[in-house]
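Structure, as structure tokens:
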Amino acid sequence: IIDATNTNIVVPAEHTINGRQFVGEYRIFHMHSGGKGAAVITALMEIHPLNKRNSHLQKLINEFQTHFEEDMLKCQNKKRKERGLRSLVSSKGKNGVSSLRGKNHLVGTEKFPSYKNRKALYERQLEKVKFDHDDPSDPYTSFGRWDPYDPEMISSLWFYGYEGSLTEPPCTPFLSWRIMDKPMYVSMGQLNQIKNLIFNHVDEQCKPTSNHHKGIAARPIQKRRKENEVYRCTCKDFTSDKIRAQSGVYQCSDEQYKILHPDDTSGFSTGFSPQNTKNKGT
């Protein structure tokens, strides 16, 4: 078992399925402790048909927003200090730093809670509930710890896979990519908030941390190479723990396949040819 080490979000997505593009992708990195490579679980992001917010994703966005505001505050206080002025707000955020939030991530009537309200809500919930799952012996996914594999984030067990590289310099080829076959839904407001956090973030020295161009912070789709053969794992390769426990079925039938993979288009692309995709047993 390789533990997750970090997550990130890229906009727009750096993978496509049958040429279909997505607004972003959420990734969980699992680094091998011996330096033997890394597995990356990726959920492609799509705007919800009814523009509903992804509540679990919002918890992650809120944390990013807090750090965004704290760094912005340090930057502004640095500039004020250089001008011989007092800091307007404590660097610890005692007066709340949500007033520094950029406004360009809000869309329509969609509202996001302030830092003060988020903290108060968290403290109230923490008093009522100790665990948010049925296994109190597992403190690492207990209440207060954000689960990167929540069904709102990773909604499928099955995926397209290939051996590839990092998508940013030095583009080292040591990653095993796992692109989940069902997208993660987000609202337009959440997408714009993510863009604001990525494109407009500055560190405490007021230096921009994003390398982007015209609202894009993703590598262009790459042409397929021989060493990047794409394969697909479906319920015909393995079923879920729940299905196995209830029925003892380890590989689904054709009828079950239609139910579990209703949107199957039998192809995956990162600029690759979908007809070369192969199923691979696990």
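Modelling each spin label as a point 7 Å along the Cα-to-Cβ direction, I'd like the Arg219/Asp263 distance in nm, to one decimal.
Each label point is offset 7 Å from its Cα along the Cβ direction, giving 2.5 nm.
For Asn51 and Leu166, compute 0.36 nm times the residue count separating them, minus their Cα-Cα distance, and round to one decimal in nm.
38.3 nm
Spin-label point model (7 Å from Cα, Cβ direction): what's the Asn200 to Lys242 distance in nm?
The modelled label-to-label distance comes out at 3.9 nm.
Treat each spin label as a single point 7 Å out from the Cα along the C-beta direction, and report the Glu227 to His67 distance in nm.
3.1
Exceeding 27 Å between C-alpha atoms, which entries from my cross-link table qualify? They are Lys52/Lys182; Lys81/Lys195; Lys195/Lys242; Lys36/Lys223.
Details: Lys52/Lys182 17 Å; Lys81/Lys195 29 Å; Lys195/Lys242 37 Å; Lys36/Lys223 25 Å.
Pairs exceeding 27 Å: Lys81/Lys195; Lys195/Lys242.
Bear in mind these aren't lab numbers, they're just calculated from the coordinates by the rules spelled out. In this text the structure is predicted, and so the values were computed from the model without any measurement. For neighbour counting, all protein chains shown are included, and Cβ atoms are generated from backbone atoms with ideal geometry for every residue, glycine included.
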